[in-house]
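No value in this document is a laboratory result; all are computed from the given coordinates. Note that the coordinates shown come from a computational prediction; the quantities given were computed from them, not determined experimentally. So basically every Cβ, Gly included, is an ideal-geometry build from the backbone, and we count neighbours across all protein chains shown.
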Amino acid sequence: MTEYAADLDALRAREFPWEVQRDAIHFDHASVGPLPQCARDAMAAYELKRAEPHRLGAEDFFPVLDRARALVAALIGATAGEIALTTNTSWGVNLAASALPLGPGDIVLGSRGEFPANVYPWMAAAKARGFTFELLPLAGTATDEELLLRRIAEDDRVKCVALSWVSFWSGARIDLARIGAACRAAEVYFAVDAIQGLGPLALDVRSMPVDILACGAQKWLCSPWGSGFVYVRDALVSQLEPPAAGWLAQAGSGDFGRFLDYDPAWHHDARRFEVGTIPYQDVVGMNESLALFLALGPKRIEAHVRGLTQRLIEWTHHRRGVKLLTPDAAAARAGIVAIATNDLEGDSRKLRAAKLTHSVREGAIRLSPHFHNTLAEVEVALAALA
Ligand SMILES: Cc1ncc(COP(=O)(O)O)c(C=O)c1O
């Protein structure tokens with residue numbers, strides 16, 4: 001048994017007591033992640049102060065945001081100066097679509113099968129800025145990486161690639177390192193929607209040629225709605241003009257004695273992409289969840305999730321009437337396992353009867369277990385589906 005698995009009972013009792021009491025088995029992180037007790041406690045304490053503002057101190061404002069940027073940076077191998085806090089994934093996708101230097105004659109390549117959050121901002125920016133946004137056909141249930149790489153290498157109109165790290169419906173994972181290297185070699189920007197990948201997968205942007213990475217924290221990072229971030233590669237930060245101008249994006253925003261100077265100068269780091277006040281109480285919750293992830297170890301979490309999904313995948317190999325939409329190879333998936341069955345509604349009902357939270361997407365049952373789930377819980381799912 002790994003050290004991580006040995007700690008799991010204590011972790012569950014401490015952070016997710018409701019699951020030890022068998023209230024539910026949460027296999028739906030691809031929709032919404034539960035909040036660990038440490039985040040709930042911190043938010044409750046903060047809410048008390050928020051409700052009675054005389055209790056708030058200076059430490060409850062900017063230091064909360066500074067800590068968040070530092071925690072995100074530690075999680076993905078970035079520097080805090082490369083992180084802007086956002087309230088969802090879409091904000092970061094819109095930043096990429098509207099701030100990257102793209103214009104008439106340029107092509108941005110996306111893929112069919114993408115979640116709309118990574119499609120509409122590109123469509124709108126293409127219309128406003130005159131570039132072409134093209135969706136490549138899928139290869140089965142995954143992005144057609146071979147076609148994508150050919151286009152990057154052979155079509156010099158291609159200036160940007162915009163993809164999700166992991167598909168929200170099939171769970172297929174793109175090869176970030178391979179696509180990023182091809183983009184870098186061809187001087188093509190690479191923008192990634194990471195919300196379905198970060199958490200079940202560890203990430204080190206130092207070894208990944210990604211330019212902009214957008215991520216809401218509400219799913220696999222087990223954080224409140226309204227929390228998230230966008231990573232902008234260091235060398236790019238100062239080159240990008242913020243598409244939305246905010247008072248907090250200004251270098252002088254920390255000086256409350258000089259509000260009326262109106263001296264426009266963006267922050268030198270990624271704070272220039274922040275706009276105005278964001279929900280502090282949600283950031284407080286995210287901070288505790290991220291600290292928990294870092295304490296457990298992102299790589300150990302990845303290995304644990306792989307163990308859970310591997311069991312689900314192997315089960316599908318021996319079942320008639322069950323079709324796996326998720327790629328078989330561990331390197332081509334993350335925490336989502338999508339299973340098409342002959343009776344989706346009936347099977348979903350059986351899972352619900354076993355108190356197993358899941359979702360149904362694009363003709364398949366989507367199971368998405370995470371770091372606090374157990375193999376015994378996977379067996380409950382399989383027994384319900386048997
Ligand atoms: C791939 C992907 N991107 C983005 C989102 C959500 O975007 P946002 O955080 O902006 O609501 C989802 C899921 O809801 C998703 O699956």
So which trypsin sites (Lys or Arg not before Pro) in region 313-364 end up in coil per DSSP with only 10 or fewer other C-beta atoms within 10 Å? Arg320
Grab the other residues whose beta carbon is less than 10 angstrom from that of Val210, score K and R as +1, D and E as -1, and report the net. +1
Quick one: what are the phi-derived ³J(HN,Hα) couplings along region 101-113, Karplus 6.51/-1.76/1.60 with θ = phi - 60°, whole Hz, x for glycine and proline? x, 10, x, x, x, 8, 10, 9, 9, x, 9, 4, x
Where Lys and Arg each count +1 and Asp and Glu each count -1, what net charge lies around Ala235 among other residues with Cβ under 11 Å from its Cβ? -2
Among all stretches of the chain without exposed chymotrypsin sites (Phe, Trp or Tyr not before Pro) (DSSP loop, at most 13 other Cβ atoms within 10 Å), which one is longest? 62-255
Computed FRET efficiency, Cβ-Cβ of Glu241 and Leu56, R0 30 Å: what is it to the nearest 0.05? 0.35
Mind running the shape call on the chain? Use the C-alpha gyration tensor, a ≥ b ≥ c as the square roots of the eigenvalues: rounded below 1.5 for a/c, prolate if a/b tops b/c, oblate otherwise. oblate
So which helices of the chain fit the span-like rule, where a helix is a whole DSSP H run, its Cα atoms reach 20 Å or more along the axis, and its mean Kyte-Doolittle is at least -1.0? 37-51, 62-76, 280-296, 298-317
Considering only Cα-Cα distances, which of the following residue pairs are longer than 25 Å: Lys219/Lys355; Lys127/Lys219; Lys299/Lys350; Lys49/Lys355? Lys127/Lys219; Lys299/Lys350; Lys49/Lys355
Cross-link partners among aspartates and glutamates for Lys323, C-alpha distance below 18 Å, same-chain residues fewer than 8 apart left out? Glu314, Asp343, Glu345, Asp347, Glu362
Any idea what the relative contact order of the chain is, in percent, if you count C-alpha pairs under 8 Å spaced at least 6 apart? 23 percent
Taking Cα pairs under 8 Å and at least six residues apart, what relative contact order does region 1-158 come out at, in percent? 14 percent
